[in-house]
Amino acid sequence: MKTILSFMESNHDRYLQELKELLAIPSVSSQNDRKPEMRRAVEWLYNHMTRIGLQHVQILETEGHPVVYADWLGAPGKPTILLYGHYDVQPEDPVDKWESPPFEQPCAA
C-alpha cells in the first residue's frame, strides 16, 4: 500500500493537471452547438487511455454522443473491476454566479 500511496503522491501534480485539462473542455451534451466539444472530450479520453497503457481503446459511435471503451486484462486470476463514468458536463448558466470563468483552468491548485 505504501508503494501505491507514494506513487500517487509523486504524480499528484500531473494527475491534477490532466483532470484540469479534461474539465476545461465545455462538453455540454444537451447543447447541440457544443457537439465539437463533446468530440474533443472523447478524443482527449481516447488519447489519455492509450497513453496510460489501457488496451483495446475505441471510440464507439452511437446515435447520440460517442462512447469511449478501453480495457486492461493484464492480471489473470485477479478480480475484474468495471469503471463507468460520463464525460459531459452541465451548462454553465448562470455565468454570473461563477467565482472564476467556467472551463478555464485556474492558476493555482
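The values are calculated or read from the model by the stated rules, or taken from the named source; none is laboratory data. Note that the coordinates shown come from a computational prediction; the quantities given were computed from them, not determined experimentally. Neighbour counts run over all protein chains shown; Cβ positions are idealised from the backbone, glycine included. Just the protein is used for accessible areas: all its heavy atoms, side chains included, with ligands, DNA and RNA removed. Shrake-Rupley method; radii C 1.70, N 1.55, O 1.52, S 1.80 Å.
Solvent exposure of segment 1-46 amounts to 72 Å² per residue of accessible area, where only protein heavy atoms count and the probe is 1.4 Å. Selection among Q31, L19, T50 by position relative to the dipole of the chain gives T50 as farthest towards the positive end (Cβ unit charges, Cα centre). Across segment 70-85, coupling constants 3J(HN,Hα) worked out from phi with the 6.51/-1.76/1.60 Karplus curve, θ = phi - 60°, read 7, 9, 8, 10, x, 10, x, x, 9, x, 8, 10, 10, 10, 9, x Hz, and Gly and Pro carry x.
Under the combined filter of DSSP loop state and at most 14 neighbouring Cβ atoms within 10 Å, segment 20-109 retains these GluC sites (Glu not before Pro): E61, E63, E92, E99, E104.
For the chain, which longest stretch is free of loop sites, where a loop site is one of the chymotrypsin sites (Phe, Trp or Tyr not before Pro) that DSSP puts outside H, G, I, E and B and that has at most 15 other Cβ atoms within 10 Å? No qualifying site falls inside 1-71, the longest such stretch. Taking K35, K20, K78 in turn, the Gaussian network model of the chain (Cα-Cα springs below 10 Å) assigns the largest fluctuation to K78.
For the pair E9 and D71 in one chain, pulling the backbone fully straight at 0.36 nm per residue adds 19.8 nm over the alpha carbon distance. The lysine pair count for the chain, using Cα distances under 28 Å and pairs eight or more places apart or on different chains, is 5.
Note on the chain: with a GNM built from Cα contacts shorter than 10 Å, the maximum mean-square fluctuation among G53, G77, G85 falls on G77. Looking only at segment 7-30, which residues have a backbone nitrogen under 16 Å from a spot 7 Å from the Cα of N47 in the C-beta direction? Residues passing the 16 Å test: 17-27.
Only Lys, Arg, Asp and Glu carry charge here, each on its Cβ (+1 for the first two, -1 for the last two); on that basis the chain has a dipole of about 500 debye about its Cα centre. Across the accessible surface of the chain, with the other protein chains kept in place and a 1.4 Å probe, carbon and sulfur atoms take up 58 percent.
The equivalent ellipsoid of segment 13-109 has semi-axes of 28, 18, 11 Å, largest first, where each one is the square root of 5 times an eigenvalue of the Cα gyration tensor.
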